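Worksheet: one structure, shown below.
The values are calculated or read from the model by the stated rules, or taken from the named source; none is laboratory data. On a predicted model such as this, the values are computed, not experimentally measured, just so you know. Here Cβ is always computed from backbone atoms with ideal geometry, including for glycine, and neighbour counts include all displayed protein chains.
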Ligand code: UD1
């Protein structure tokens, strides 16, 4: 097992480039199942979750290979229709094969993901949508089995805007007969990236990025050529790093159009945020001001930035209230921050963060992907040394993280336990 050791207390300065977005790359790579041929996707980040995609695509019978950041998928006759428990368990997003497999092959068998560190996270809305499009869905030994001769268009209303649900149904509807309308759809930038990719494959998707997405089904699609968008959550994490270390970082590739809520809250916290050509520069404040945050679907403040912001607020000059409205149980990082001297109490979905003057390094444990990022940020700002164990969570979603932080002046090393 590896752990990360951070010698804190250094101001970070310089320029760092964000990688391709994990959450955009995952659905895009599964979308390749929709068309036979050789697909080429550029700017795919080298992450553990992407390695899981490689395994899953290979299991299904596709050929996968890398040329630098270019990911190639060769889709021929698929020999499998099953996403096994072992893969879905390590990455919930594996359920995104459901839509493409069902649309292309008329059947799919996908393990139910079960619980995860940040809550129950059901997929009932994905299934309800597919049923409305004519799929017969049964449950067998923890697996969802879906069958349909050919899916047909439908009008589908999501009770909650779901990112994965919107993506799964967009992919399925691309090869369905007739028109599908998704209402109360999620509006995240990754959905827009997927819609653009599907349209390059010959699909007819309109309205992605708004609450109503319309997909006119086509009979067949062609191979994909696409470059994955920059990772807005990785960008946001570096921006908070500038604020929490009172540093000065230019985040190359950060797109302000995707980061409105994060930029606005960083400014409220006293940071100087400058939107530049091709990136965003953040200068940290002398003293962090307390800021209240409510996570809500895009364009609201992203739940995937909540933990990182809490690290910043733990050093605020007053009390901040953080409401987590997207996932239940997404406060696992709180106990770890407390071990570093943070003063945080939780009541249901609300955390009250009373700012302290400084954090102290401590051995802490990463519990999920964004919680790991939160602990790195806290460690960068803390006095002395912070040791983070279970770093495999971090490797699921951050590419070359210690190398990137060290290039900004941090002192982070990875050691084998
Ligand atoms: C995606 C992101 C994740 C991010 C989340 C919210 C990927 C791979 N992951 O996750 O990083 O934190 O969006 O921005 O892109 N829900 C249901 N039933 C469903 C589906 C969802 O009740 O069928 C609920 C969930 O439990 C959650 C809320 O809807 O409370 C939003 O979840 P959703 O948008 O689906 O998140 P994911 O797509 O899993």
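In this structure, is residue 121 at positive phi and either within 13 Å of the ligand (Cβ to nearest atom) or free of Cβ contacts under 8 Å to residues at least 40 places away in the same chain (or both)? Judged against the criteria, residue 121 is a match.
Please go through segment 289-302 and give me each residue that is closer than 18 Å to residue 377 by Cα, touching a residue at least 40 places away in the same chain (Cβ under 8 Å) and surrounded by fewer than 20 Cβ atoms within 10 Å (Cβ to Cβ), ordered by number. Result: 290, single match.
Scanning segment 318-359 for residues being within 14 Å of the ligand (Cβ to nearest atom) and assigned to a strand (DSSP E or B) gives a total of 2. Looking at segment 37-96, the strands (runs of 3 or more DSSP E) lying wholly inside it that each contain 2 or more residues that are free of Cβ contacts under 8 Å to residues at least 40 places away in the same chain sit at 63-67, 70-75. The single condition among (1) within 26 Å of residue 260 (Cα to Cα); (2) assigned to a helix (DSSP H, G or I); (3) within 13 Å of the ligand (Cβ to nearest atom) that residue 187 does not meet is (2).
One residue stands out in segment 124-142 among those that are within 21 Å of residue 178 (Cβ to Cβ) and more than 9 Å from the ligand (Cβ to nearest atom): the one that is surrounded by the fewest Cβ atoms within 10 Å (Cβ to Cβ), namely 136.
Exactly one residue out of 267, 286, 246, 281 is part of a strand (DSSP E or B) and either outside the structural domain of residue 189 (by TED's automatic domain parsing) or in contact (Cβ under 8 Å) with a residue 60 or more places away in the chain (or both), and it is 281. Taking the listed residues 36, 84, 100, the one that is over 18 Å from residue 228 (Cα atoms) and surrounded by 23 or more Cβ atoms within 10 Å (Cβ to Cβ) is 100, with no other qualifying.
Counting the residues of segment 124-149 that are modelled with pLDDT under 95 and assigned to a loop (DSSP other than H, G, I, E, B) gives 3. Looking at segment 214-222, can you tell me whether even one residue there is free of Cβ contacts under 8 Å to residues at least 40 places away in the same chain, surrounded by fewer than 24 Cβ atoms within 10 Å (Cβ to Cβ), within 16 Å of the ligand (Cβ to nearest atom) and not in a loop (DSSP other than H, G, I, E, B)? The answer is no, given that none of the residues of segment 214-222 is free of Cβ contacts under 8 Å to residues at least 40 places away in the same chain, surrounded by fewer than 24 Cβ atoms within 10 Å (Cβ to Cβ), within 16 Å of the ligand (Cβ to nearest atom) and not in a loop (DSSP other than H, G, I, E, B). In the set 53, 44, 38, only one residue is in the same structural domain as residue 202 (by TED's automatic domain parsing) and over 20 Å from residue 193 (Cβ atoms); that residue is 38.
Looking at segment 365-400, which of its residues are part of a helix (DSSP H, G or I), under 21 Å from the mean Cα position of the chain (by Cα) and more than 15 Å from residue 305 (Cα to Cα)? Listed by number, the residues that qualify are 392, 393, 395, 396.
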